[in-house]
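Chemist: Structure in structure tokens, see below.
The values are calculated or read from the model by the stated rules, or taken from the named source; none is laboratory data. None of the values given here were measured: they were computed from a predicted structure. Glycine also receives a Cβ, built like all others from the backbone with ideal geometry; neighbour counts cover every protein chain displayed. What goes into the accessible areas is simple: the full protein's heavy atoms, side chains included, and nothing from ligands, DNA or RNA. Shrake-Rupley method; radii C 1.70, N 1.55, O 1.52, S 1.80 Å.
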Amino acid sequence: MTTMTATNGRTTSIACGLFALCLFGTVANDGTVSAFFAVGAAAVFAVVLTRLTHGDSAWFTAARTLGTAVVAGLLVSAALRGAIAHLTGHEELPLPSADVLNYSTALDHMLLNVPVMAALALVIGAISVATLRTFRWTAYVGIGAAVVVLAAVVLQIGAYAIPAVLLWVLCQAVARWHSTPEQSGAARHA
């Protein structure tokens, strides 16, 4: 059982690291590359969410529900990011007018800045409250990150708070890599 729990902790840790990489790549790149990173972030976040919310706590249930919105939002963002690059690069269509480019970009930014980041902040907060007894230091980091992200969302600049999300998810990676069987079991039942 100890070996299985250590493996589970390491799997969770690797998934957290991959999510951090993909989320960073989503905002650090343009066009098609950014779209692929957004798809990767959505897919890996689904794994992270499943790994971090294993249990029947109401907080975990709320996190899983809101996490679905994060995954869906990242996938829509990926489509918005890649649509024009695909049409001009692969379909050889002319570049659309400035108005179309501006609206497409604004829609993608608003999607990421407000609903996706708000849902992500609430997921982080719910997981943090649920794990306050077992992973205390990561819970406090998560609560702080959730507050920072929600403040940025209110200002409609949620994407600028991605470093707070990266800090939280990398702290999760470290904590889960070094977790003990007692912590993992207690977190499951929190």
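Chemist: Would you confirm, using the coordinates I've provided, whether Leu49 is of a type outside the set (S, T, N, Q), within 30 Å of Thr134 (Cα to Cα) and modelled with pLDDT of 95 or more?
Modeler: yes
Per-residue answers, yes or no, for (1) at pLDDT 95 or above; (2) farther than 16 Å from Leu23 by Cα:
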{"residue": "Trp59", "(1), (2)": "yes, yes"}
{"residue": "Ala78", "(1), (2)": "no, no"}
{"residue": "His90", "(1), (2)": "no, yes"}
{"residue": "Leu95", "(1), (2)": "no, yes"}
{"residue": "Ser104", "(1), (2)": "no, yes"}
{"residue": "Met117", "(1), (2)": "yes, no"}
{"residue": "Ile124", "(1), (2)": "yes, no"}
{"residue": "Leu150", "(1), (2)": "yes, yes"}
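Chemist: Scan region 116-153 for residues that are among the small types (Gly, Ala, Ser) and either open to solvent by less than 20 Å² (accessible area, probe 1.4 Å) or under 15 Å from the mean Cα position of the chain (by Cα) (or both) and jot them down.
Modeler: Residues satisfying the conditions are Ala118, Ala119, Ala121, Gly125, Ala126, Ser128, Ala130, Ala139, Gly142, Ala145, Ala146, Ala152.
Chemist: Got a sec? Which of Val169, Val76, Val100 is assigned to a helix (DSSP H, G or I) and buried (at least 19 other Cβ atoms within 10 Å of the Cβ)?
Modeler: Val169
Chemist: Specify the residue that is nearest to Ser34 (Cα to Cα); the eligible residues are those in region 81-97 that are among the small types (Gly, Ala, Ser) and assigned to a helix (DSSP H, G or I).
Modeler: Only one residue fits best here, namely Gly82.
Chemist: Using the structure shown, decide if Val27 is open to solvent by less than 30 Å² (accessible area, probe 1.4 Å), under 30 Å from Thr105 (Cβ atoms) and either in contact (Cβ under 8 Å) with a residue 40 or more places away in the chain or part of a helix (DSSP H, G or I) (or both).
Modeler: Judged against the criteria, Val27 is not a match.
Chemist: I'd like to verify a number: residues in region 39-64 that are assigned to a helix (DSSP H, G or I), open to solvent by 70 Å² or more (accessible area, probe 1.4 Å) and either among the charged types (D, E, K, R) or more than 26 Å from Ala78 (Cα to Cα) (or both), how many?
Modeler: 4
Chemist: Okay, next question. Can you name the condition, by its number, that His109 falls short on among (1) closer than 26 Å to Ile14 by Cα; (2) surrounded by fewer than 21 Cβ atoms within 10 Å (Cβ to Cβ)?
Modeler: His109 satisfies every listed condition except (1).
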